[in-house]
Amino acid sequence: MDKSLLITIFVPTTNEQGEDFKGKIGECATGYPVGKDLILTAGYILKPGPPYYRDERYSVRIGWHYSCPGDPADWTEIANDDIVWEGQGELDAALIRCRRPPDAVGWGIVSRDRLHGGMPWISEGFPRVAKYDSQPNPGRFIGTVCSKAPNKPYFELTVETGPEDEESWKGISGMPVFVDHKILGVVGSGPPHFSVKKLYATPMWKLLEDGRFRKWVGDDKQAAHFQKIRSRLIALIQSSPEAEDAIRRELLDVADKMTGFDKERETGNFVEHLLETDIRTAIQALRDAHRSLCEEGGDHTADILVKVSQLIVPALYDYGVVRWAGSQYGDGSAALVLLPAYTKTVAEIIMAGTDRRATRFRHREDDADQPAGELNLPQMPECGIDADNAEVRTALQRYLNKKFNLGECDTFRRALDDYLLATFPRRTRGGLEMEDRIKSTADLLESKRRDSGQTFYMIFDLPKDAEGQNAMRAMVASLKRDYSALAFLCLNDFSNEREREEIKLVDPFCRMLPLKKTALSSIGPQEKPSSMSTQRFKIALSFPGEQRDFVRQVAAQLADRVGRSRVLYDEYYEAEFARLDLDTYLQRLYHDESELIAVFLCADYEKKEWCGLEWQAIRDLIKKRQTFTVMPLRFDDTEIPGLFSTAGYVWIGGRSPQEIAGLILQRLQINAGQPSPSSPSSLPKLPVPPPRALETWRERLNQFEDDLAITADPARKFELKKLIEEAKAKIREFGGSV
């Protein structure tokens, strides 16, 4: 918890005779912000019982511990209308609306997590009855949660240290109960057994059952959050009845509630109940269903389950945490946001929840790996496909990995700028100063976030010492001013027990995510491709737009044989490819998600920017000796950087799209270790241009163009232009470029 956000609440009182103490005598309680201008405290303090009662002639006043002035007369007065919610019955809590001081940044996370016996809790409060003209000092409280019936409207807390008399405990009423950086309850009206150092508290999950309380703290927005992904989940599940059946087999209690509905309503209601399932139960059920499908060979259905999981896990994650995180970096309340998370995997789940999107993870390194998110900067291309950015990325990663050094703030900041400017360059006329380049990149990042609804983020390791923390926060504040679209995060301090719990929670989910594609073991100089593949595409087509008419026909032939969803051809995925990060997204699809890449090479291929991006991924496969995944096909003999003259290729020449598709399918079967439908002797011979023909026609073209430049005769000019076009046609026929 943040001690600077503690609040003293002073309630003026009178006695049974109604004596006027001029608002100078009263009771004090503790409060803590749970929203931008919203304070949580105990409910009873606003209606103290005998022998003292609230004196309605004077206003309740509050003072922020580190921001309030020394003279309590200057504390903030609270109008009755600003006491916006008071608990009824056993709900001993209240919400007060109050504008915060400018330097009070952030608020507590209201969480619906259930408390369990033995949980450690911490808090700070004001352990004394205060006179109005005194300024109390907070005391620190540490203890454990007592085991109680899970549905009780209160729970007990043990206190390791505390005051020795009952009166001195009353000021801590309203103190927030923090467990793992989240508010799980609020301390009530003092201890019934103070001598054994026990407190009663109202659980937050119980307060969140009250509709008005939920609305005030913003928890009611979860319904809108669910609505956004509900239709996407329904579409996914309806696309694969086998996936729905697999989940139902693992969630029988949910499946039993679906009887009697027609199929469309049944799926909709199934999704509704799925969104009401406890996250642990949902994750384990999805993993069990996924494992069963994999064992049965239902790879496509298993992939659907992965997509369902990536949507539903961030939706089911603690909404109080998700809402709080989004509010902190979204409105600039805090430059550096301390996430209540111990791993980068959970950080991505929280960020996906704030963006209302599916999770996006890097491929797992091994079976037990819990990966970081794809949007976690610096992005580490899994196979080095962005070699141009390697230097600035490595420099930045070096600073992020090592202990923060006060003397290196400036160089750390420069490394951050260099990385961001290189990774998110905006095309300009050039010659811009550093400040203008930063503004251009910041505009691009904001445009990406606004268009895609996805937030790039960076995770820092906060130093342990106060001086280092202040220096890092100052540096991050400057970054936030310049790159407002980025989120800057740090994780919880290391706690072995809490980290183990977090890992256990998401482990079944992570085991559904794809493994990183690694270099295959080699037998001699030639590597053997695996016959087992979990990649999304069987065939990817890389080509320049000038050859689209030809390649479109090839793609259609391939789609007829292996299925449209297994061919990476841009026109098949227009909606999916309408994204601002298409450059890095496509590289990953070519590099990691394609069994075979058919590359249509020609002069236009070498010139095109998008072809160049795809070629970076292909070159990396060649560099890693995964050459069996690349099949070059040539329209002409243009030299392509990174492709040696000794490389084999298919000469397209006068071949039809159907013939080329057939050769690609043959290669796919060879890679899979299956016999080719045609023996080598029956394969058609590849046409090779005549040894001197191409050179001869180039010489003629040069001669014709030289003659055209010097002739003045109109008739001769006309004849030479015809000869030039004929020569160009012959050069193209023999595979050359003009």
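Note on the range 174-206: residues that are assigned to a loop (DSSP other than H, G, I, E, B) and at pLDDT 85 or above amount to 2. Going by the conditions given, is R360 of a type in the set (K, R) and either modelled with pLDDT under 90 or touching a Ser or Thr at 6+ places or on another chain (Cβ under 7 Å) (or both)? So R360 fails the test.
When I7 is tested against the conditions (1) over 23 Å from S111 (Cβ atoms); (2) crowded, with 22+ Cβ neighbours inside 10 Å, the lone failure is (1). Using the structure shown, decide if I62 is assigned to a strand (DSSP E or B) and β-branched (V, I, T). For I62, the condition - assigned to a strand (DSSP E or B) and β-branched (V, I, T) - is met.
A325 meets each of the listed conditions (1) at pLDDT 85 or above; (2) over 19 Å from the mean Cα position of the chain (by Cα) apart from (2). Being over 16 Å from I597 (Cα atoms), at pLDDT 85 or above and touching a strand residue (DSSP E or B) at 6+ places or on another chain (Cβ under 6 Å) is not true of L541. For the range 294-350, filtered to residues that are of a type in the set (F, W, Y) and assigned to a helix (DSSP H, G or I), the residue that is surrounded by the most Cβ atoms within 10 Å (Cβ to Cβ) is W324.
None of V554, V567, V506 is farther than 30 Å from R232 by Cβ, among the β-branched types (V, I, T) and at pLDDT 80 or above except V554.
Taken over the range 466-498, the criterion of being within 22 Å of the chain's Cα centre (by Cα), at pLDDT 85 or above and either over 20 Å from S447 (Cα atoms) or not in a helix (DSSP H, G or I) (or both) is satisfied by V476, A477, Y483, S484, A485, L486, A487, F488, L489, C490, L491. Going by what's in this entry, would E209 be described as of a type in the set (D, E) and either assigned to a helix (DSSP H, G or I) or modelled with pLDDT of 85 or more (or both)? Criteria met by E209.
Every condition in (1) under 20 Å from G125 (Cβ atoms); (2) at pLDDT below 80 is met by G108 except one, and the failing one is (2).
Okay, residues lined up against (1) surrounded by fewer than 18 Cβ atoms within 10 Å (Cβ to Cβ); (2) under 26 Å from A559 (Cβ atoms); (3) modelled with pLDDT of 80 or more; (4) not assigned by TED's automatic domain parsing to the domain that holds C602:
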{"site": "G653", "(1), (2), (3), (4)": "yes, yes, yes, no"}
{"site": "S656", "(1), (2), (3), (4)": "yes, yes, yes, no"}
{"site": "L663", "(1), (2), (3), (4)": "no, yes, yes, no"}
{"site": "Q666", "(1), (2), (3), (4)": "yes, yes, yes, no"}
{"site": "N671", "(1), (2), (3), (4)": "no, yes, no, no"}
{"site": "P675", "(1), (2), (3), (4)": "yes, yes, no, no"}
{"site": "V688", "(1), (2), (3), (4)": "yes, no, no, yes"}
{"site": "L701", "(1), (2), (3), (4)": "no, no, yes, yes"}
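Across the range 358-369, what is the number of residues that are basic (K, R) and over 8 Å from the mean Cα position of the chain (by Cα)? The number of residues fulfilling the criteria is 2. Taken over the range 569-609, residues that are farther than 30 Å from I731 by Cβ and assigned to a loop (DSSP other than H, G, I, E, B) amount to 9. The criterion of being modelled with pLDDT of 90 or more and hydrophobic (A, V, I, L, M, F, W, C) does not hold for V562.
The values are calculated or read from the model by the stated rules, or taken from the named source; none is laboratory data. It should be emphasised that the depicted structure is a prediction, and the values quoted were computed from it without experimental measurement. Cβ: placed from backbone, ideal geometry, glycine included. Neighbour counts: every protein chain shown.
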